[in-house]
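Report on the following structure.
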Amino acid sequence: MSVSPPPAPTYPPAIEHAIAQIGELLRGDYALSSRTMALLLLQGDPEIWDEVEAQEGRGTVERIRSLKDTLEQMSETPLAWQIEQQRQQWGRQIAAQVTQATRSPRPQTLADWIGWLCMNPWTGFPILALVLYFGLYQFVGVFGAGTVVGWIEEDLFGGHINPFVENLVRSVVPWTPIQELLVGEYGVWTLGVTYAIALILPIVTFFFLVFALLEDTGYLPRLAMLIDRAFKSLGLNGRAVIPIVLGFGCDTMATVVTRVLETRRERIITTLLLTLTIPCSAQLGVVLALLSAYPLGLAIWAGVIVLVFLLAGWLAAQVLPGRATPFYMEIPPMRLPSLSNVLLKTLARLQWYFMEVLPLFLIASVLIWVGQLTGLFDLALRLLAPLTRLLNLPAEASVAFLFGFFRRDYGAAGLYDLHEKGMLSGNDMLITAVVLTLFVPCVAQFLVTIKERGWKTALGMFAIAMTVAFGVGFALSRLLSGLGVQVG
């Protein structure tokens, strides 16, 4: 018995109206129908746009682009995604007529079993914990941020390269302000280049290796499916796990990667969570090392950060208009990673790092230099002092907070110095670690946020991070005092 296919897919009225309008504007000789051409234009196909511009002229192209932009502004989700959803629904209708659903077969191979275990909530989250511990903490944090960075930053740059460059600049350049700009404490070389190459580069290299391994094995799509349901309450879907996980390597890089998310709403929520609650690997390594002597303090710190992450995401989802987009992703088979693939992906991302992020560190050094010359640096310390006293912390903690804006690990290192001097108790260490983690993003991430989200959004997130950091720190200080809890 023959089965007639369902009618061709139709789209929401606004899209159908735009298709009709675009079809009337097209006068050229095309191999495809006017409806197909209109759909491809609405989906942003670059080759079709070039062909239409060649045949129709600039005026017609601008009218079509205006129609497309107007329609996108009226839509909560991208046009390409809406069109794809309708086509998938049409495909499912056809499949339902010619196929019969049976119970999913049990995994047959070891790779199938591993893939199934990674997506099952009962086993997937313990596997995720192991991946985070061995992949991020031990390999990236302990080995990369500790051993390798210690050798490159302290021994190679600190012991040989930086002294040579400093002596060379001070012998050649006679002007003290220019010397400070180049090789001062926060100079272009001593902070910008050294920070980007000797500190961040090794960390992101190891992180990129781990990320490429997880990607090539097929684990990341399964992680996205595992997290999808939990992220729905935060106004996100499973795709957001990619920038969130990347944030544990470098929040600056992760902010750029939010481009993979489908809607502006999702990109804003994810950027806020990265700004507020995700410590980069450099900061995470130092904080974990400091709090490892206080197991209770480490547990409270982790619990507070997770709670703020969930609450901030939920509140942002309630405030921002729109809703989480449905999530679909192809699940590739689990497999052993290819060494060539892993290395090529790592090298490509390192190239991106040098092109996108390195210039921001150099700009940050110049901004700090300007701040020192103009006295803005000292002014910022004076403004932070009352907030520090509100937390019952010594005034010297203000320096750690300010350093945390310029370099996240500097802030944690300042915390370590205060602890070594006996100025911080276990409770003080916990409170300061929480505030540093929730504190405003580093200057490089702030500049990227301006680039990606705009000035208003970036400044809004800056203000939110400042308020939440000291607000949570104050509440935690009073709670520990009221309950008589001593973490060490």
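The values are calculated or read from the model by the stated rules, or taken from the named source; none is laboratory data. Owing to the predicted nature of the structure, the values given are computational and were not obtained by experimental measurement. In this analysis, Cβ positions are derived from the backbone assuming ideal geometry, glycine residues included, and neighbour counts consider all displayed protein chains.
Restricting the range 250-267 to residues that are polar (S, T, N, Q) and assigned to a helix (DSSP H, G or I), the residue that is surrounded by the fewest Cβ atoms within 10 Å (Cβ to Cβ) is THR258.
Every test in (1) without any contact (Cβ under 8 Å) to a residue 40 or more places away in the chain; (2) under 24 Å from MET461 (Cβ atoms) is passed by SER292 save one, and that test is (2). No other residue among ALA230, ALA240, ALA212 is crowded, with 18+ Cβ neighbours inside 10 Å, of a type outside the set (S, T, N, Q) and under 30 Å from GLN318 (Cα atoms) apart from ALA240.
Against the test of being surrounded by 12 or more Cβ atoms within 10 Å (Cβ to Cβ), in the same structural domain as VAL448 (by TED's automatic domain parsing) and not in a loop (DSSP other than H, G, I, E, B), the options LEU373, LEU344, LEU362 yield a single qualifying residue, LEU373.
Scan the range 133-186 for residues that are among the aromatic types (Phe, Trp, Tyr), surrounded by 12 or more Cβ atoms within 10 Å (Cβ to Cβ) and over 26 Å from the mean Cα position of the chain (by Cα) and the total you get is 2. Against the definition (polar (S, T, N, Q) and under 19 Å from MET355 (Cβ atoms)), how does THR205 come out, yes or no? Taking the combined requirement at face value, the residue satisfies it. Pairing each residue of the range 233-250 that is outside the structural domain of LEU136 (by TED's automatic domain parsing) and free of Cβ contacts under 8 Å to residues at least 24 places away in the same chain with any residue that is among the polar types (S, T, N, Q) and not in a loop (DSSP other than H, G, I, E, B), provided the two are 6+ apart or on different chains, yields no C-beta distance under 7 Å.
Is it true that TRP81 is touching a Ser or Thr at 6+ places or on another chain (Cβ under 9 Å) and within 30 Å of PRO221 (Cβ to Cβ)? Considered against the rule, which asks whether it is touching a Ser or Thr at 6+ places or on another chain (Cβ under 9 Å) and within 30 Å of PRO221 (Cβ to Cβ), TRP81 comes out as yes. Taking the criterion of being at pLDDT below 70 and out of contact with any Phe, Trp or Tyr (no Cβ under 8 Å at 6 or more places or on another chain), the residues of the range 366-421 that qualify are ARG408, ASP409, ALA412, LEU415, TYR416, ASP417, HIS419, GLU420.
Which condition from (1) assigned to a loop (DSSP other than H, G, I, E, B); (2) crowded, with 22+ Cβ neighbours inside 10 Å is the one that THR270 breaks? Failed condition: (1). Return yes or no: is ARG222 closer than 24 Å to LEU307 by Cα and either β-branched (Val, Ile, Thr) or in a helix (DSSP H, G or I) (or both)? No: the conditions fail for ARG222. State whether the residues of the range 187-194 include one that is under 19 Å from TYR353 (Cα atoms) and within 22 Å of the chain's Cα centre (by Cα). Checked the range 187-194: at least one residue is under 19 Å from TYR353 (Cα atoms) and within 22 Å of the chain's Cα centre (by Cα).
THR437: touching a Pro at 6+ places or on another chain (Cβ under 6 Å), of a type in the set (S, T, N, Q) and crowded, with 17+ Cβ neighbours inside 10 Å, yes or no? It is true that THR437 is touching a Pro at 6+ places or on another chain (Cβ under 6 Å), of a type in the set (S, T, N, Q) and crowded, with 17+ Cβ neighbours inside 10 Å.
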